[in-house]
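For reference, the structure discussed in these notes is given below.
Where a number appears in this text, it was derived from the coordinates with a stated rule and is not lab data. Just so it is clear, the structure is predicted and the values come from calculations on it, not from any experiment. Ideal geometry is used to build each Cβ from the backbone, glycine not excepted, and the neighbour counts take in all protein chains shown.
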Amino acid sequence: MRVTAYPPYRRMIEAESLDVDLPDGARVRDLLGRLGERHPPFRAFAAAPSDEFLWGQLIVHVNDEIAGLDTSLQSSDRIDLLPPIAGGSSSTAPARR
């Protein structure tokens, strides 16, 4: 499967993208573990205790959909590693000038 990394994860894998061989039915956690074998920062992501914990550190998209640790993968999947993005202000008050 093709894995595309966005900053800051691109720096961690030292490439914009790479191919990872995993059997069909492997999970996102397995993918992160495989990445961790070659790129130690990913070991912590693979050991995340929950999806919410992972998403606070790393967002994994599988075929343009957010994925959890137990999401099943297929060899034809496109994987994107994205940073979590904080939302904007919830205030509806107009900005001061």
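Once you list every other residue whose beta carbon is under 14 Å from the beta carbon of Asp77, what net charge do they have if Lys and Arg are +1 and Asp and Glu are -1? Taking every other residue near Asp77 into account, the sum is -3.
Rounded to the nearest 500 deg cm²/dmol, what is the calculated helix-only ellipticity per residue at 222 nm for the chain, with -39500 (n - 2.57) per DSSP H run of length n ≥ 4?
On the way: 4 runs with 27 residues, N = 97.
Taking each H run of at least 4 residues, the total per residue is -7000 deg cm²/dmol.
With Cα atoms as the point set, the radius of gyration and Dmax of segment 2-82 evaluate to 11.1, 28 Å. Label-to-label distance for Arg38 and Ser72 is 2.6 nm, based on points extended 7 Å past Cα in the beta-carbon direction.
Counting Lys +1, Arg +1, Asp -1, Glu -1, what net charge surrounds Val60 among other residues with beta carbon under 14 Å of its beta carbon?
-3
In nm, give the distance between the simple-model label positions of Gln57 and Ser17, each being 7 Å from the Cα along the Cα-to-Cβ direction. Once both label points are built, they end up 2.6 nm from each other.
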